[in-house]
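Notes to accompany the following structure.
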Amino acid sequence: MNKSEDIQKIFGMNTIAVVGMSPKPERPSHYVASFLHDCGYDIIPVNPFTTEFKGIVSVKAMDSIDVPIDIVTVFRRPDFAPDIARAAVSIGAGALWLPAGIVNDVAMQIAESGGFKAVQDICAVVTYKELGLI
């Protein structure tokens with residue numbers, strides 16, 4: 001399957017764990033999560049130092065999430081991505097999204113070996129708009 005088909009399928013999913021969610025509106029994680037939340041996606045903020053996002057209680061780690069997760073998006077340094085990909089596989093997520101500027105081929109391989117879709121170095125907001133989904 002090519003990347004375009006993967007992205008279309010990912011955007012058809014609903015619940016997104018935002019790992020590295022920042023409480024600061026000027027940070028990319030906050031902006032992207034806000035955009036996707038406003039488009040109707042369910043957002044689960046994941047950050048041990050954040051308490052909430054738009055009234056949604058933040059969790060400290062993905063293994064604390066008590067609902068099925070469709071997409072795990074990673075707003076952490078690329079060297080954290082493989083461990084996050086392993087955690088995503090262990091909770092049965094459907095996709096791994098590494099946003100613009102985040103590239104880690106090991107994480108991509110872990111995700112794909114775990115049986116789910118993965119993209120890297122792609123901005124969800126830009127891509128969502130380019131696909132005409134808004």
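Which is the longest stretch in the chain that no exposed loop site breaks, taking sites as trypsin sites (Lys or Arg not before Pro) with a DSSP loop state and at most 13 other Cβ atoms within 10 Å?
Between the exposed loop sites, the longest stretch runs 61-134.
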Quiz prompt | Linear extension gain, Asp42 paired with Val103, 0.36 nm per residue minus alpha-carbon span | solution = 19.5 nm
Exercise. Give the Kirkwood hydrodynamic radius (Å, one decimal) of the chain, defined as one over the mean of 1/r across all pairs of different Cα atoms.
Key: 14.5 Å
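Expressed as a whole percentage, what fraction of the accessible surface of the range 56-134 belongs to carbon and sulfur atoms when a 1.4 Å probe is rolled over the protein heavy atoms?
53 percent
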Quiz item: How much area per residue is accessible in the chain when the probe is 1.4 Å and only protein heavy atoms are counted (Å²)?
Solution: 51 Å²
Quiz prompt | Inter-label distance, nm, simple model (7 Å from Cα along the C-beta direction), Ala61/Asn14 | solution = 2.8 nm
Quiz item: Which whole-number percent gives the relative contact order of the range 1-101, counting Cα pairs below 8 Å spaced six or more residues apart?
Solution: 28 percent
Quiz item: Once you list every other residue whose beta carbon is under 12 Å from the beta carbon of Met13, what net charge do they have if Lys and Arg are +1 and Asp and Glu are -1?
Solution: -1
Quiz item: So how much slack lies between Ile91 and Arg77, counting 0.36 nm per residue of separation and subtracting their Cα-Cα distance, in nm?
Solution: 2.9 nm
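The values are calculated or read from the model by the stated rules, or taken from the named source; none is laboratory data. Keep in mind that this is a model prediction, so the values were computed, not measured. Cβ atoms come from the backbone with ideal geometry, glycine included; neighbour counts cover every protein chain shown. Ligands, DNA and RNA are excluded from the accessible area calculation, which covers all protein heavy atoms including side chains. Shrake-Rupley method; radii C 1.70, N 1.55, O 1.52, S 1.80 Å.
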